[in-house]
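S.K.: Starting off with a structure, shown below.
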There are 2 protein chains.
Amino acid sequence: MADSLTFAAVGGAHPHAFNQIGILLGAGARCAGFYDDDPAVTAAVITRYPGMDTALSLDRLLDDPHIDLIVNTVRHDRRAALGIEAMRRGKDTLCAKPGFTTLAQLDEARRVQAQTGRRYWVYFSERLASRATVKALDLVRAGRIGRVVQTLGFGPHRLFGGNQRPDWWFDSAQHGGILNDLASHQIDQFLIFTGSQNAEIASAQIGTARFREYPGFEDFGDLVLRSDSAAGYIRVDWLTPDGLPTWGDVRLMLIGTEGSIEARKNIDLDGRAGTDHLLVVDQRGVERVSCDDVELPFARQMIADVRDRTDTALPQAHCFTVCELALRAQASAVRLSFAG
Amino acid sequence: MADSLTFAAVGGAHPHAFNQIGILLGAGARCAGFYDDDPAVTAAVITRYPGMDTALSLDRLLDDPHIDLIVNTVRHDRRAALGIEAMRRGKDTLCAKPGFTTLAQLDEARRVQAQTGRRYWVYFSERLASRATVKALDLVRAGRIGRVVQTLGFGPHRLFGGNQRPDWWFDSAQHGGILNDLASHQIDQFLIFTGSQNAEIASAQIGTARFREYPGFEDFGDLVLRSDSAAGYIRVDWLTPDGLPTWGDVRLMLIGTEGSIEARKNIDLDGRAGTDHLLVVDQRGVERVSCDDVELPFARQMIADVRDRTDTALPQAHCFTVCELALRAQASAVRLSFAG
């Protein structure tokens, strides 16, 4: 297994755990075990992965020298402590988003990451697991729409689908807030698509429009970003209507000096079937670009980064910048009243 | 003609003049004449409307007691003076947008409008001439998507199409700026769709991303609005690529507590033919709502308002509030650098 990677997965606080386990197994990595202190969560993981070893303690997994990486999907506010401890014990870590719930956690992770040289990745799946988004980035980098002037990112989500949400979800300190959670995807995309190293938060707003029975929970948020080269706008919400046949009509819209791109990641409303709809308008016409053959390179690149100590899959500095902007947007957000 | 209306049209600084003349003639109004001090503009109007009387001076039109209303499409920065003079001479006025280029003009128009009881309308055609938008408002007022949480309005435009732009277009004082010009449409829609009397400007940005040869001209702008009940985001630009088969992929997206609406006003990219595409998602499903039979009531209502001194077509206070927000957004906008 010298060329591949061995990981353990810790925490099933969110079904995102399965996505991360899935991409690693799909890329040839080996899972040495799963740990969660909730037996119900562990039982659900065994149902999904019947061969999964769930007998080992967290300490045994963290101390096992054959384990390279900890997949970290514990509760939002506990994620940093686990990721930092994993780095201290010589392991890389791949978190679900949000990577942090406080700036103090981020500061400590940056410090320990620099000391140990281990990696603290956050899986920004709305780019890294989205064929339309990966393809859009290829087109942008090839100059198809000129310089990117603005990115627009919409991340609507369904609050209650097949799964109910745990109690901690509705506690602002434990959840960390809507901008820090959902908008981190779109902040990642803003920086990547515009080639910006950092950004200024021009405006940030949060509010509870529909789910007022949960006062510690925000179901709407938006923010404006700007960098030296481009502008960005992000809207996220938990207001996906029940009638939408997917969890959210997630979109990325790019305005360039020579064209525009719209990625309809999950659904093309009353249009074509399937996912990953990519519409390009340039100086010559309108084109629907197929994303069928697009590779999602993240897991492969990350496994190589773990092995070779390179920084290709999701550069560490970029990852921390995204988390910092998400935390700062959340902390500075104006609360909307949504009266009426 | 007791039941109808007689108007004169002044200024052909923008093809918008034809739109306003067209809706009035279509609603049964009579045009008493056209005036522009540029013979080339007058010649173009005669080509379009061969029977148009272009022999009368501006003063003769403004003093004619049989003329009820002045259609006002002179240069942006001259519009207020003409509209105010029309009101002083006992006439209502229907401007193209922008209605004003300075807050001082708006203040004077408010004062004279209150004194004279005449009307100063601005033709927000991206709502009033858009069947999909009129239908969307019907659906919202019928409660189809619950309370409106946010409006998103995108107003991309093509800078150079069949017509070149006059020199004054690229002078910021004469043009008045992108947010004051284009975003006034979306500000109107924010207030109307959310039922807000007014709004706060949370963020405003402008910049010149592509057409840098015109330093007094902005080709990108955006702003964030909030009211007691809702949030709004607006992006406008002059970056429509040549390959788009219309002047702009103008959209309105509404998020409600019980559903969402997307109006693709001019084009459904690689989708259905024609204009006025209205997509509704609610708790039951996704529906494409036909706009074929939608009436555009603005001209009919305005003619009745002129006759009956009612305030139904575009309430005067609302119209001035839109103009004020557009002027304030423009004046407070942060300039983006778009380096690179």
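S.K.: Restricted to Cα positions, what overall size does the stretch B:81-159 have along the principal axes? Three whole-Å values, descending.
M.R.: Result for the stretch B:81-159: principal-axis Cα extents of 44, 34, 21 Å.
S.K.: Please label the shape of the stretch B:188-335 as rounded, prolate or oblate, based on the square roots a ≥ b ≥ c of the eigenvalues of the alpha-carbon gyration tensor (a/c under 1.5 means rounded; beyond that, a/b larger than b/c means prolate, else oblate).
M.R.: Taking the square roots of the gyration eigenvalues as a ≥ b ≥ c, the stretch B:188-335 is rounded.
S.K.: Could you name every residue in the stretch B:248-276 that has 40 Å² or more less accessible surface in the full protein assembly than in its own chain alone (probe 1.4 Å, ligands and nucleic acids excluded)?
M.R.: Residues of the stretch B:248-276 that lose at least 40 Å² of accessible area once the other chains are added: B:251, B:255, B:257, B:264, B:269, B:270.
S.K.: Roll a 1.4 Å probe over the protein heavy atoms and report the accessible area of residue A:228 in Å², nearest 10.
M.R.: For residue A:228, the solvent-accessible surface is approximately 120 Å².
S.K.: Along the positive direction of the dipole of chain A (beta-carbon charges: Lys, Arg +1; Asp, Glu -1; about the Cα centre), which of A:185, A:95, A:340 reaches farthest?
M.R.: After comparing all options, I get A:185.
S.K.: What is the diffusion coefficient of the stretch B:1-46 in µm²/s, taking the Kirkwood radius over Cα pairs and the Stokes-Einstein relation at 25 °C with a viscosity of 0.890 mPa s?
M.R.: The diffusion coefficient I find is 222 µm²/s.
S.K.: Using only the Cα atoms of the stretch A:99-203, build the gyration tensor, take square roots of its eigenvalues as a ≥ b ≥ c, and label the shape rounded, prolate or oblate: rounded if a/c is under 1.5, else prolate if a/b is larger than b/c, else oblate.
M.R.: Note, shape of the stretch A:99-203 comes out oblate.
S.K.: Inside 10 Å of the C-beta atoms of B:227-235, what's the mean count of C-beta atoms belonging to other chains?
M.R.: The per-residue average across the peptide is 6.
S.K.: At a probe radius of 1.4 Å, what is the per-residue accessible area of residue B:196, in Å² to the nearest 10?
M.R.: Number for this one is 10 Å².
S.K.: While we're here: Measuring from the axis that superposes chain B on chain A, report the chain B residue with the minimal C-beta distance, rounded to whole Å.
M.R.: Per the Cβ-to-axis criterion, the result reads B:203, 2.
S.K.: I've got another one for you. Total Å² of accessible surface buried at the B-A contact, 1.4 Å probe, nearest 100?
M.R.: Counting both chains, the buried surface is close to 4500 Å².
S.K.: Show me, for the stretch A:287-296, the HN-Hα J-couplings you get by feeding each phi into the Karplus relation (A = 6.51, B = -1.76, C = 1.60, θ = phi - 60°), rounded to Hz, glycine and proline as x.
M.R.: With the stated coefficients, the stretch A:287-296 comes to 9, 8, 9, 6, 10, 4, 9, 6, 7, 9 Hz.
S.K.: Next question. Which is the longest part of chain B that has none of the GluC sites (Glu not before Pro) sitting in a DSSP loop with at most 10 other Cβ atoms within 10 Å?
M.R.: Here the longest run is B:1-212.
S.K.: Let me ask something additional. Given H placed 1.01 Å from N in the peptide plane, which residues other than close sequence neighbours of residue A:147 have an amide H under 5 Å from its amide H?
M.R.: Result for residue A:147 returns A:257, A:258.
S.K.: In addition: Return a whole-number percent for the relative contact order of the stretch A:6-123, with Cα pairs under 8 Å and 6 or more residues apart as the contact set.
M.R.: Relative contact order for the stretch A:6-123 comes out at 26 percent.
S.K.: In addition: Give me the percent of the accessible area of the stretch A:6-123 that comes from carbon and sulfur atoms, probe 1.4 Å, all protein chains in place.
M.R.: Percent of accessible area from carbon and sulfur atoms in the stretch A:6-123: 51.
S.K.: What whole-number volume per residue, in cubic angstrom, does the convex hull of the C-alpha atoms of the stretch B:196-239 give?
M.R.: Output value, Cα hull per residue: 71 Å³.
S.K.: Would you work out which of A:164, B:247, B:112 lies farthest towards the positive end of the dipole of the protein assembly as shown, given +1 charges on the beta-carbon of Lys and Arg and -1 on that of Asp and Glu, about the Cα centre?
M.R.: My answer, from the dipole projection, is B:112.
S.K.: Same structure again: Spelling out what I want: for every residue of the stretch A:317-331, take phi, set θ = phi - 60°, compute 6.51 cos²θ - 1.76 cosθ + 1.60 (Karplus), and round to whole Hz; glycine and proline get x.
M.R.: Per residue, the Karplus-derived 3J(HN,Hα) values read 5, 4, 4, 5, 4, 4, 4, 5, 4, 5, 5, 5, 4, 4, 5 Hz.
S.K.: Once phi is turned into θ = phi - 60°, what whole-Hz ³J(HN,Hα) does the Karplus curve with 6.51, -1.76 and 1.60 give for every residue of the stretch A:232-246, x standing for Gly and Pro?
M.R.: Karplus-based 3J(HN,Hα) across the stretch A:232-246 equals x, 10, 9, 10, 10, 7, 10, 10, 3, x, 4, x, 6, x, 8 Hz.
S.K.: Would you pull out the residues with amide H under 5 Å of residue B:95's amide H, same chain only if 5 or more places away, H placed 1.01 Å from N?
M.R.: B:72, B:121, B:122, B:123
S.K.: Within chain A, which is the longest segment that contains none of the trypsin sites (Lys or Arg not before Pro) sitting in a DSSP loop with at most 14 other Cβ atoms within 10 Å?
M.R.: Free of exposed loop sites, the longest segment is A:1-211.
S.K.: Classify the stretch B:265-304 as rounded, prolate or oblate, taking a ≥ b ≥ c as the square roots of the eigenvalues of its Cα gyration tensor: rounded when a/c is under 1.5, otherwise prolate if a/b is larger than b/c and oblate if not.
M.R.: oblate
S.K.: What number comes out for accessible area per residue over chain A if the probe is 1.4 Å? Units Å², please.
M.R.: On a per-residue basis, 36 Å².
S.K.: Label position 7 Å from Cα toward Cβ: report the copy-to-copy distances for residue B:339 in nm, one decimal, ordered from shortest.
M.R.: 4.3
S.K.: Suppose each label sits 7 Å from its Cα in the direction of the beta carbon; what would the residue B:160-residue B:290 distance come out to in nanometres?
M.R.: Roughly 4.3 nm, to one decimal.
S.K.: Sequence neighbours fewer than 8 away in the same chain don't count; with that in mind, list the aspartates and glutamates whose C-alpha is under 13 Å from residue A:135.
M.R.: A:126, A:262, A:276, A:292, A:293, A:295
S.K.: Further, regarding this structure: Report Rg/Rh for chain B, rounded to two decimals, where Rg is the Cα radius of gyration and Rh the Kirkwood radius.
M.R.: With Rg and the Kirkwood Rh in hand, the quotient comes to 0.95.
S.K.: Please list, in chain and number order, the residues 5+ apart from residue A:250 or on another chain whose amide H is under 5 Å from its amide H, with Hs placed from the backbone.
M.R.: Amide H to amide H, under 5 Å and 5 or more residues apart or across chains, residue A:250 pairs with A:265, A:266, A:267.
S.K.: If you don't mind, another one. Does anyone have the angle between helix A:131-141 and the longest principal axis of chain A? Alpha-carbon axes, 0 to 90°, nearest 10?
M.R.: It works out to around 60 degrees.
S.K.: Let me check something: with ligands and nucleic acids excluded, how do A:312, A:73, B:246 order by accessible area (1.4 Å probe), largest to smallest?
M.R.: The ranking, largest first, comes out as A:312, B:246, A:73.
S.K.: I'd like the accessible area for residue B:167: 1.4 Å probe, protein heavy atoms, all chains in place, Å² to the nearest 10.
M.R.: 140
S.K.: What are the distances, in nm and sorted shortest first, from the label point of residue A:38 to the label points of the same position in each other copy, with each label point placed 7 Å from Cα along the Cα-to-Cβ direction?
M.R.: Computed spacing set for this position: 6.8 nm.
S.K.: Quick one: P(r) of the stretch A:6-123 from all Cα-Cα pairs, 5 Å bins, percents rounded to integers, in order of increasing distance.
M.R.: Spelled out per bin, shortest first, that is 2, 13, 25, 25, 20, 10, 4, 1.
S.K.: Mind pulling the per residue volume of the convex hull built on the Cα atoms of the protein assembly as shown? Å³ is fine.
M.R.: 150
S.K.: Right, something else. Once both axes come from the Cα atoms, what is the angle between helix A:103-116 and the longest principal axis of chain A, in degrees from 0 to 90, rounded to 10?
M.R.: 60
S.K.: Expressed as a rounded percentage, what relative contact order does chain B have, with Cα pairs under 8 Å and six or more residues apart?
M.R.: Relative contact order for chain B comes out at 18 percent.
The values are calculated or read from the model by the stated rules, or taken from the named source; none is laboratory data. Note that the coordinates shown come from a computational prediction; the quantities given were computed from them, not determined experimentally. Neighbour counts are summed over all protein chains in view; Cβ atoms, including those assigned to glycine, are modelled from backbone coordinates with ideal geometry. All accessible areas refer to the heavy atoms of the entire protein, side chains included, with ligands and DNA or RNA removed. Shrake-Rupley method; radii C 1.70, N 1.55, O 1.52, S 1.80 Å.
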